[in-house]
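Each remark here refers to the structure printed beneath this line.
FYI, it's all coordinate maths here, none of it is from the lab. Small disclaimer: the values here were computed from a predicted structure and weren't measured. Virtual Cβ from ideal backbone geometry, glycine too; neighbours counted across all protein chains shown.
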Amino acid sequence: MIRYYLWYLPHNHKNLFKSLDLIDDKISIGDYVSVWQDDSGLNGNINKIDIDNIYKFLEQLFYKFNMELPKNFAPHSMSVGDIVELRDIDSRYSRYFFCDNIGFKEVTYKLA
């Protein structure tokens, strides 16, 4: 089972709402705050899921957290600089996707 987690930077963080190309230092998930989690509906090993399906899911999340915000969701709508973690509960492995100016970019390699 794969769950997703939304991670947002605190409002006073220097990289808040910055695109990936404007961030000079490494991205640290420790700087982020988890604001939401839920089942993704994606099945299988996170490393074997077709990347097109992952990006389609991420675009659906972007729509949901901008156009159809859950009633009990208090933070800002999803924006540049936010991170979506896809966590394979069985293997405890995660992949991270940075919400950039246009679309998402996988940032697993950049996380400190």
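Screening ARG92 on (1) touching a residue at least 12 places away in the same chain (Cβ under 8 Å); (2) closer than 15 Å to ARG3 by Cα; (3) among the basic types (Lys, Arg) shows it passes everything except condition (1). Does any residue of the range 30-49 turn out to be more than 20 Å from TYR93 (Cβ to Cβ), charged (D, E, K, R) and out of contact with any Gly (no Cβ under 8 Å at 6 or more places or on another chain)? Yes - at least one qualifying residue is present in the range 30-49. Looking at the range 5-112, the strands (runs of 3 or more DSSP E) lying wholly inside it that each contain 2 or more residues that are of a type in the set (A, V, I, L, M, F, W, C) sit at 33-39, 83-88, 93-99.
Condition (residue is farther than 16 Å from CYS99 by Cβ, free of Cβ contacts under 8 Å to residues at least 40 places away in the same chain and surrounded by 11 or more Cβ atoms within 10 Å (Cβ to Cβ)) applied to the range 52-67: is it met by at least one residue? So far as the range 52-67 goes, yes, one or more of its residues are farther than 16 Å from CYS99 by Cβ, free of Cβ contacts under 8 Å to residues at least 40 places away in the same chain and surrounded by 11 or more Cβ atoms within 10 Å (Cβ to Cβ). Can we say ASP39 is within 18 Å of PRO75 (Cα to Cα) and either touching a residue at least 24 places away in the same chain (Cβ under 8 Å) or surrounded by 11 or more Cβ atoms within 10 Å (Cβ to Cβ) (or both)? No: the conditions fail for ASP39.
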